[in-house]
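Okay, so here's the structure we're looking at.
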Amino acid sequence: MKRLYQFECILFFRTQAAWWGVLILLLSGAAGLYLGKSFIDKQRSVIQKAAVLQPENTQRNLRYFGNELGLMLYHNKYTLVNQPDPWAAFATGQRDINPVMLTVSMLGLQGQMYDTDLNNPVSLLYGNIDLAFVFVFLFPLVIIAFTYNVLSAEQESGVWRIIHAQADNPQRLIRRKLLVRAVVVLGVALVLLLSAVVYLRLPLDGRLLWVSVLLVSYLLFWFALSCWVISWGRSSGFNLAALVACWVLLNMLAPALVNIWTSWRYPVPEAMETAMRQREGYHEKWDMDKSVTMDKFFAHYPQFRKYPFDSSQDFSWYWYYGMQQMGDDEAAASTKAMREKLQQRQRFSNAAALMLPGIQTTLRLNQVAGTDLQQYLQFQSALQQLHEEVRMYFYPMVFSDGKAAQADWNKFALRYFEAHDQRPDWRQASILLLAIVLWAMAARNFRQTLKQPL
């Protein structure tokens with residue numbers, strides 16, 4: 001038996017397609033590792049510069065505006081960094097469209113939360129290549145190239161008639177061929193994964209185990225799909241066309257349709273509405289009686305009623321920051337509705353992914369790497385908490401005519417947000433279940449095919 005596998009392995013590597021397939025996977029995997037790490041290193045470089053610039057800007061603002069606390073707080077900004085996890089270089093996810101950090105001042109939060117970095121739209125269109133891309137999109141193509149003619153090539157050359165007549169169980173030959181190819185592909189995947197552990201300095205924790213199980217399940221699914229197609233006993237040309245069509249359907253067409261459906265089913269007009277309400281909620285207060293603004297402000301923060309408000313003044317920072325707060329309050333309903341729509345989109349994508357292994361693998365890799373939508377929504381919530389913390393610290397000083405020198409400006413140095421899900425997500429088991437179903441269907445087809453006379 002061992003010699004049969006060795007012989008099958010020699011036959012496999014005699015073909016140029018085998019060497020080219022392995023070479024393409026190794027080179028594209030190395031490129032994915034390098035490009036993913038380069039992308040995250042650029043973000044880390046920006047974070048390091050921000051850590052230096054924020055205290056410098058605070059000291060500069062103190063020099064220029066330190067005599068007036070309200071004006072100082074108008075200009076001074078506080079930054080929350082979405083700290084990249086080491087796995088982010090493996091699966092960059094949405095980190096190319098979402099800002100790596102957000103900076104806010106004491107002004108209205110909603111008007112600052114959606115400020116994003118300037119990006120080249122062409123670069124966003126093509127996206128970034130990382131190792132997750134290689135596993136999800138390129139590995140299936142190589143598996144198709146390795147397996148589409150496992151049975152049909154023997155049939156078309158006439159060898160299958162001899163094997164069928166002399167062998168006790170011809171199905172073993174197909175199984176042996178598929179097993180050799182699976183070992184080669186999984187071996188390449190293992191090399192790339194170990195390279196990622198070393199090159200990206202991935203922690204040796206439970207996430208590595210779950211990613212390994214996820215990737216092996218995904219690759220086995222494509223072997224099962226190929227086995228099912230070739231079990232129909234059709235020609236090599238038909239098998240290749242059918243498998244490429246499956247790849248286009250599962251990895252290109254279906255994700256695009258899911259994206260179109262979610263955009264149509266769960267539109268987010270609240271994004272524009274939030275910005276408009278925040279701006280209107282703030283600007284209209286300039287033409288209203290000050291007591292209207294301050295009554296609403298004290299209803300939100302009753303603890304500040306103890307600070308006397310002089311409504312006879314044409315302008316005061318007390319009133320100005322009250323107006324800013326009202327802008328956020330009036331946009332709160334649309335903000336909540338928008339976040340709920342985004343959560344609904346995420347839930348629908350997770351449900352659709354149960355039948356689409358490519359999407360499932362991508363979602364779970366992004367979840368592990370902390371580069372998915374859920375992680376960014378958590379980052380926005382953390383920014384909201386930071387903004388509220390800044391307001392609660394400085395409001396009493398502003399309302400009591402405090403001085404800038406009394407404040408502890410180091411209290412709000414650069415903050416870091418880091419969140420990734422280390423818990424196993426059992427939804428990835430759907431990939432393995434689909435693979436088992438396809439293997440069972442392929443085995444039944446093989447039994448029926450082998451019973452038919454040649």
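Below, the figures for the structure above:
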{"read-out": "Residue in the range 377-388 that is touching a helix residue (DSSP H, G or I) at 6+ places or on another chain (Cβ under 8 Å), part of a helix (DSSP H, G or I), in contact (Cβ under 8 Å) with a residue 24 or more places away in the chain and farther than 30 Å from residue 107 by Cβ present", "value": "no"}
{"read-out": "Count - residues of the range 1-16 that are open to solvent by 40 Å² or more (accessible area, probe 1.4 Å) and either aromatic (Phe, Trp, Tyr) or under 24 Å from residue 129 (Cα atoms) (or both)", "value": "3"}
{"read-out": "Long-range neighbours under 9 Å by Cβ, at least six apart or interchain, first residue within 13 Å of residue 357 (Cα to Cα) within the range 239-252, second open to solvent by 60 Å² or more (accessible area, probe 1.4 Å) and part of a helix (DSSP H, G or I)", "value": "247/141"}
{"read-out": "Contacts under 8 angstrom Cβ, first residue in the range 209-234 being within 15 Å of residue 148 (Cα to Cα), partner open to solvent by 10 Å² or more (accessible area, probe 1.4 Å) and basic (Lys, Arg), 6 or more apart", "value": "223/181"}
{"read-out": "Matching entry among 37, 77 (being open to solvent by 90 Å² or more (accessible area, probe 1.4 Å), within 30 Å of residue 386 (Cβ to Cβ) and either in contact (Cβ under 8 Å) with a residue 24 or more places away in the chain or of a type in the set (Asp, Glu) (or both))", "value": "77"}
{"read-out": "Failed condition for residue 45, given (1) open to solvent by less than 20 Å² (accessible area, probe 1.4 Å); (2) among the hydroxyl-bearing types (Ser, Thr, Tyr); (3) without any contact (Cβ under 8 Å) to a residue 40 or more places away in the chain", "value": "(1)"}
{"read-out": "One residue from 211, 142, 180, 188 being surrounded by 19 or more Cβ atoms within 10 Å (Cβ to Cβ) and over 26 Å from the mean Cα position of the chain (by Cα)", "value": "180"}
{"read-out": "Index of the failed condition, residue 355 passing every other in (1) in a loop (DSSP other than H, G, I, E, B); (2) in contact (Cβ under 8 Å) with a residue 12 or more places away in the chain; (3) over 20 Å from residue 250 (Cβ atoms)", "value": "(3)"}
{"read-out": "Selection count, the range 226-242, where residues are open to solvent by less than 40 Å² (accessible area, probe 1.4 Å) and out of contact with any helix residue (DSSP H, G or I) (no Cβ under 7 Å at 6 or more places or on another chain)", "value": "0"}
{"read-out": "Residue 108, sole failed condition from (1) closer than 17 Å to residue 382 by Cα; (2) open to solvent by 30 Å² or more (accessible area, probe 1.4 Å); (3) over 27 Å from the mean Cα position of the chain (by Cα); (4) not aromatic (Phe, Trp, Tyr)", "value": "(2)"}
{"read-out": "Checking residue 402 against (1) in a helix (DSSP H, G or I); (2) in contact (Cβ under 8 Å) with a residue 60 or more places away in the chain, the condition it does not meet", "value": "(1)"}
{"read-out": "Matching residues in the range 406-435 - criterion: being assigned to a helix (DSSP H, G or I) and open to solvent by 100 Å² or more (accessible area, probe 1.4 Å)", "value": "406, 410, 426, 433"}
{"read-out": "Matching helices (runs of 4 or more DSSP H) fully within the range 73-164 where at least 2 residues are of a type in the set (Phe, Trp, Tyr), at pLDDT 90 or above and in contact with a helix residue (DSSP H, G or I) (Cβ under 9 Å, 6 or more places away or on another chain)", "value": "139-147"}
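The values are calculated or read from the model by the stated rules, or taken from the named source; none is laboratory data. Only a predicted model underlies this, so the values are computations on that prediction, with no experimental measurement involved. Reconstructed Cβ throughout: ideal geometry from the backbone, glycine too, with neighbour counts over all protein chains shown. Only protein heavy atoms, including side chains, enter the accessible area calculation; ligands, DNA and RNA are left aside. Shrake-Rupley method; radii C 1.70, N 1.55, O 1.52, S 1.80 Å.
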